[in-house]
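Enquirer: Please see the structure below; I have some questions.
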């Protein structure tokens, strides 16, 4: 029996176990209506992101028609007595913003922007955090201590402060804002991965692999990480909602690169001065953010229930 | 812990003072009438032309003497006063928000756990998840729209849209603690207290709505875990009523993580809920910190970051102590 | 020893399934048991054979995914399975008590022993109503309690109901007495301690005390010595035997250890894969084990008196209860298996002298 075949056997049994678990997970998912609803919504939003430019012409954001700014078209439902009414014959189901652009169009254009930024941030945080955290957890010692202290520092910053300072400092481009949010997010994954690795490290299969002479990097990469990935997946899906909330909050507070940028938080900020004259400007973009975040949170929360080894059976 | 404080201050220092083109630290000490030569003098006097690590050393020395500098944009007041005058309002908001969160979140979680997988469970799960999917600025405006504007137009008694106390009542009561509701109670002034209360409801609810969901989920998870424990079977086998089993045996175990979470939540809020305070014009620490960021006021930002970091680190210690009290198995 | 008189508790055709994601686990299959007054009945079998499930079913403490498909549990002439949860609560409070395996996990870690013991007293409604008190009290423990309460009553000069605090105090005194009954020194101090501050043996005695406090007519003891080391095991068993003679209850002693059963039980019921395969008095069972499984079990115990060269075991493994063997569930491992064993389930037959066997050989 060579080392390779033993390792292959370990991998095979792991794969078999994982497939069985996957089947069980899918069984549970079908039983959970909320997760299904969330998944449907997520797919819906991804679909919109991909087809946005087909639904709304991309230069709709640049066509500013000031004659019809801040108006609401439906005469059936009037928001407030102070709201202006849009000119007849226009299809403006969600009213217009300060530049006279259709709010619906802007929201549709904003969804792909927000979603893609959220994905990028979550993926980068996860990748970076996992590498750093796994290495720290595996090696231990002084390096681990140092990483722990550094994450402590970042956790001690409340909420948005760090991101705000960074954003105010380095200008208002989408790239800098992305980095600002990343700064707030990465320590979570470091801690998470580290915790997972620490637990897995003590398990007997790791000892077995070490005894077989498998290189630690392979052990971590191909065995430990796949076995401990569930909480990270859960965290990722929950975080997409959180990142969108944070990112749009930054835009809302005034850090957006351009006031006309179709981004959900930015669109909402347009309505600040017009809360009682054009409430739809805050209501609908904010509502969109809520629904997107809710969708991902439903999926993440459901996944957490499904993947939690203790709550099963 | 000390290391964390140094780390936080170092990072903020670097960001706030290391880029004088974006944030000019001497802006807090000059007026627009000063000539370039005078400005140079100010720069030299405060050492802003020195390398960063020397500036940091000067700053440390100043801080040890209690001098946190001045914040020009806030009427030129000493930075410490700018912070301290606002802090009690943040405290009031934090206490109110925490009470709301606990009062709604914990029963919601217990209900979810007891009626596991029924419609009530799903409903409370949706409420909880909606809560922490909600953008706080959006919800804040919705609250204002409904409870301030629409209630008014519909002829219902409406809640104020912002501020801590109505204009006409401001200063009617001596500021003992700085928290309007408490001061009102101490002075025995019912109108004042009621008014302060009316002002704090909406912002507190805004904060609570977002977090109570999270608390409810934690309570639910730990209740479910506890209810599967052997000692619950034992308690039931004694013929105890279900009510006693839950309230005496299960809850005391299940609420331990919830309590610690509440402690951390409280500490986090003490750092100032920037968005909520801004939307509701709440004169707290978070509100002011936003303006400080825009002004590039490194003095204030340093004080603010350090205080909040201190609170967060201290709260972790407090939570550890709480554990010792709540769980007799833990002895340190 | 012939079964005397009417049974205290009887299960008939008890069949219980568990619904899991992998399928239905047929945990109990027509289980038939009788418990008579003043006896210790041991329920013996391997892990997973259904002994604990039987206990939980009797107590009405099955988890949510369990269904009782058919059967009856007759106690004092009534079918327990037809009772409401509140009625079962009363029965557990004052009729059938349980002692469990691992006192560390079965005692609430955040409550003191005192609280957990006192509530065993406070839950008994009949104890606190003067009218029913004297009628229901019997036996040595009861005599103590009765005496104690009579004292308290004369002290109080005829107040109708005790206040909550009075009850607490009475319960506290009763708790101390009962701790003495289970041979625990310094009961005053133990009442103030938390479970993790006591040793395993002490915890187990506290659990026994909690069961005795309810003056039950039936005690269900589920593997109570399994989690203890051998010396403590011996102490607990001695205690049980002492108690058997002083208290007026019958016990169902669940264990996987035949020697424990041999030492403490009057009658033994052997279970395998969800049904009872043999029931007999202890002496009879050891002298003349009839069921092949029982015989093989006995062979597995090495004889201390002779040198051991080779450890016996029963070939095969315990069957998967989701898909149990047809007919007699033991037939795949039975050295005497016949054709009929594979197709038809045997019936529990009385061979004589109260010796019951569940096998086609008889």
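Enquirer: Hey, could you check the range C:94-104 for residues that are more than 8 Å from chain B (Cβ to nearest Cβ) and in a helix (DSSP H, G or I) and say which is nearest to residue C:274 (Cα to Cα)?
Expert: Checking each candidate, the answer is C:103.
Enquirer: How many residues are away from chain A (no Cβ under 11 Å) and in a helix (DSSP H, G or I) if we restrict to the range B:101-123?
Expert: Number satisfying all stated conditions: 15.
Enquirer: Testing residue C:203 on (1) surrounded by 24 or more Cβ atoms within 10 Å (Cβ to Cβ); (2) within 14 Å of chain B (Cβ to nearest Cβ); (3) not in a strand (DSSP E or B), one condition comes back false. Which one is that?
Expert: Every condition holds for residue C:203 apart from (1).
Enquirer: Same structure again: If I ask for residues that are in contact with a strand residue (DSSP E or B) (Cβ under 6 Å, 6 or more places away or on another chain) and outside any strand (DSSP E or B), which ones from the range C:59-93 would you list?
Expert: C:59, C:65, C:80, C:81
Enquirer: So residue A:204 passes all but one of these: (1) surrounded by 15 or more Cβ atoms within 10 Å (Cβ to Cβ); (2) without any contact (Cβ under 8 Å) to a residue 60 or more places away in the chain; (3) farther than 23 Å from residue B:291 by Cα. Which condition number does it fail?
Expert: Unmet for residue A:204, out of (1) surrounded by 15 or more Cβ atoms within 10 Å (Cβ to Cβ); (2) without any contact (Cβ under 8 Å) to a residue 60 or more places away in the chain; (3) farther than 23 Å from residue B:291 by Cα: (1).
Conditions tested, residue by residue: (1) within 27 Å of residue B:130 (Cβ to Cβ); (2) within 14 Å of chain B (Cβ to nearest Cβ); (3) modelled with pLDDT of 75 or more; (4) part of a helix (DSSP H, G or I).
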residue	(1), (2), (3), (4)
A:6	no, no, no, yes
A:18	no, no, no, yes
A:22	no, no, no, yes
A:35	yes, yes, yes, yes
A:45	yes, yes, yes, yes
A:50	yes, no, yes, yes
A:81	no, yes, no, no
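Enquirer: More than 9 Å from chain B (Cβ to nearest Cβ) and either under 19 Å from the mean Cα position of the chain (by Cα) or farther than 21 Å from residue C:222 by Cα (or both): does that describe residue C:62?
Expert: It is true that residue C:62 is more than 9 Å from chain B (Cβ to nearest Cβ) and either under 19 Å from the mean Cα position of the chain (by Cα) or farther than 21 Å from residue C:222 by Cα (or both).
Enquirer: In this structure, is residue A:94 part of a loop (DSSP other than H, G, I, E, B), surrounded by 11 or more Cβ atoms within 10 Å (Cβ to Cβ) and at pLDDT 75 or above?
Expert: yes
Enquirer: Based on what the data block shows, is residue A:286 surrounded by 23 or more Cβ atoms within 10 Å (Cβ to Cβ), modelled with pLDDT under 85, under 30 Å from residue A:34 (Cα atoms) and within 10 Å of chain B (Cβ to nearest Cβ)?
Expert: So residue A:286 does not fit the description; no.
Enquirer: Quick one: count up the residues across the range A:154-177 that are touching a residue at least 24 places away in the same chain (Cβ under 8 Å), at the interface with chain B (Cβ under 8 Å from one of its Cβ atoms) and in a helix (DSSP H, G or I).
Expert: Total meeting the criteria: 3.
Enquirer: Can you find a residue that is more than 13 Å from chain B (Cβ to nearest Cβ), under 18 Å from residue A:254 (Cα atoms) and surrounded by 20 or more Cβ atoms within 10 Å (Cβ to Cβ) anywhere in the range A:178-192?
Expert: Yes: the range A:178-192 contains one or more residues that are more than 13 Å from chain B (Cβ to nearest Cβ), under 18 Å from residue A:254 (Cα atoms) and surrounded by 20 or more Cβ atoms within 10 Å (Cβ to Cβ).
Enquirer: Could you say which residue among A:291, A:243 is farther than 20 Å from residue B:141 by Cβ and within 13 Å of another protein chain (Cβ to nearest Cβ)?
Expert: A:243
Enquirer: Could you go through the range A:222-234 and let me know if any residue there is buried (at least 20 other Cβ atoms within 10 Å of the Cβ), within 14 Å of chain B (Cβ to nearest Cβ) and assigned to a helix (DSSP H, G or I).
Expert: Yes: the range A:222-234 contains one or more residues that are buried (at least 20 other Cβ atoms within 10 Å of the Cβ), within 14 Å of chain B (Cβ to nearest Cβ) and assigned to a helix (DSSP H, G or I).
Enquirer: Just checking, how many residues over the range B:198-234 are at the interface with another protein chain (Cβ under 7 Å from one of its Cβ atoms) and without any contact (Cβ under 8 Å) to a residue 12 or more places away in the chain?
Expert: Total satisfying the criteria: 3.
Enquirer: Run down A:311, A:267, A:250, A:307 and say which single residue is modelled with pLDDT under 80 and more than 10 Å from chain B (Cβ to nearest Cβ).
Expert: Of the residues listed, the single one that is modelled with pLDDT under 80 and more than 10 Å from chain B (Cβ to nearest Cβ) is A:307.
Enquirer: Kindly indicate whether residue C:290 is modelled with pLDDT under 85 and in contact with a strand residue (DSSP E or B) (Cβ under 7 Å, 6 or more places away or on another chain).
Expert: So residue C:290 fails the test.
Enquirer: A further question follows. Would you say residue B:237 is within 14 Å of chain C (Cβ to nearest Cβ) and touching a residue at least 12 places away in the same chain (Cβ under 8 Å)? Explain how you work it out, then say what you get.
Expert: On the way: within 14 Å of chain C (Cβ to nearest Cβ): yes; touching a residue at least 12 places away in the same chain (Cβ under 8 Å): no.
In short, no.
Enquirer: May I pose another question? Kindly state which helices (runs of 4 or more DSSP H) lie completely within the range B:248-332 and contain at least 1 residues that are within 12 Å of chain A (Cβ to nearest Cβ) and more than 23 Å from residue B:106 (Cα to Cα).
Expert: Per the criteria, B:274-279, B:285-295, B:298-326.
Enquirer: Which condition number in (1) in a helix (DSSP H, G or I); (2) at pLDDT below 85 is the one that residue A:63 fails?
Expert: The number of the failed condition is (1).
Enquirer: Please go through the range B:27-57 and pick out each residue that is exposed (fewer than 14 other Cβ atoms within 10 Å of the Cβ) and within 18 Å of residue B:12 (Cβ to Cβ).
Expert: Matches in the range B:27-57: B:51, B:52, B:53, B:54, B:57.
Enquirer: Right, another one. For residue A:296, state whether it is at the interface with another protein chain (Cβ under 9 Å from one of its Cβ atoms) and not in a helix (DSSP H, G or I).
Expert: Spelling it out, it is not the case that residue A:296 is at the interface with another protein chain (Cβ under 9 Å from one of its Cβ atoms) and not in a helix (DSSP H, G or I).
Enquirer: Let me ask another. I'd like the full set of residues that are free of Cβ contacts under 8 Å to residues at least 24 places away in the same chain and touching a helix residue (DSSP H, G or I) at 6+ places or on another chain (Cβ under 9 Å), limited to the range C:200-233. Give the steps one after another, and end with the answer.
Expert: Narrowing the range C:200-233 to residues free of Cβ contacts under 8 Å to residues at least 24 places away in the same chain: C:202, C:230-231.
Passing the criteria: C:202, C:231.
Enquirer: I'm told residue A:215 meets every condition in (1) surrounded by fewer than 19 Cβ atoms within 10 Å (Cβ to Cβ); (2) in contact (Cβ under 8 Å) with a residue 12 or more places away in the chain except one. Can you identify the failing condition by its number?
Expert: It fails just one condition, (2).
Enquirer: Then there is this: Which residue out of A:237, A:258 is surrounded by fewer than 24 Cβ atoms within 10 Å (Cβ to Cβ) and free of Cβ contacts under 8 Å to residues at least 24 places away in the same chain?
Expert: Details: A:237 fails: free of Cβ contacts under 8 Å to residues at least 24 places away in the same chain.
After ruling out the rest, the residue left standing is A:258.
Enquirer: Give the residues of the range A:253-264 that are within 9 Å of chain B (Cβ to nearest Cβ) and over 15 Å from the mean Cα position of the chain (by Cα), sorted by residue number.
Expert: A:253, A:254
Enquirer: Kindly indicate which of C:208, C:224, C:252 is outside any helix (DSSP H, G or I) and modelled with pLDDT of 85 or more. Please lay out each step first, then the result.
Expert: Working: C:208 fails: outside any helix (DSSP H, G or I); C:224 fails: modelled with pLDDT of 85 or more.
After ruling out the rest, the residue left standing is C:252.
Enquirer: Let me ask something else about it. Would you pick out the residues in the range B:135-159 that are more than 9 Å from chain A (Cβ to nearest Cβ) and buried (at least 23 other Cβ atoms within 10 Å of the Cβ)?
Expert: Hit for the range B:135-159 is B:140, nothing else.
Enquirer: Here are some conditions: (1) over 30 Å from residue B:138 (Cα atoms); (2) under 15 Å from the mean Cα position of the chain (by Cα). Residue A:218 meets all but one. Which one does it not meet?
Expert: Just one mismatch for residue A:218, condition (2).
Residue-wise test of (1) in a loop (DSSP other than H, G, I, E, B); (2) within 14 Å of another protein chain (Cβ to nearest Cβ); (3) under 21 Å from residue A:162 (Cα atoms).
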residue: B:14; (1), (2), (3): no, yes, yes
residue: B:20; (1), (2), (3): yes, yes, yes
residue: B:30; (1), (2), (3): yes, no, no
residue: B:40; (1), (2), (3): no, no, no
residue: B:50; (1), (2), (3): yes, no, no
residue: B:53; (1), (2), (3): no, no, yes
residue: B:58; (1), (2), (3): no, no, no
residue: B:61; (1), (2), (3): no, no, no
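The values are calculated or read from the model by the stated rules, or taken from the named source; none is laboratory data. Just so it is clear, the structure is predicted and the values come from calculations on it, not from any experiment. No Cβ is skipped: glycine too gets one built from the backbone with ideal geometry, and neighbour counts run over all protein chains shown.
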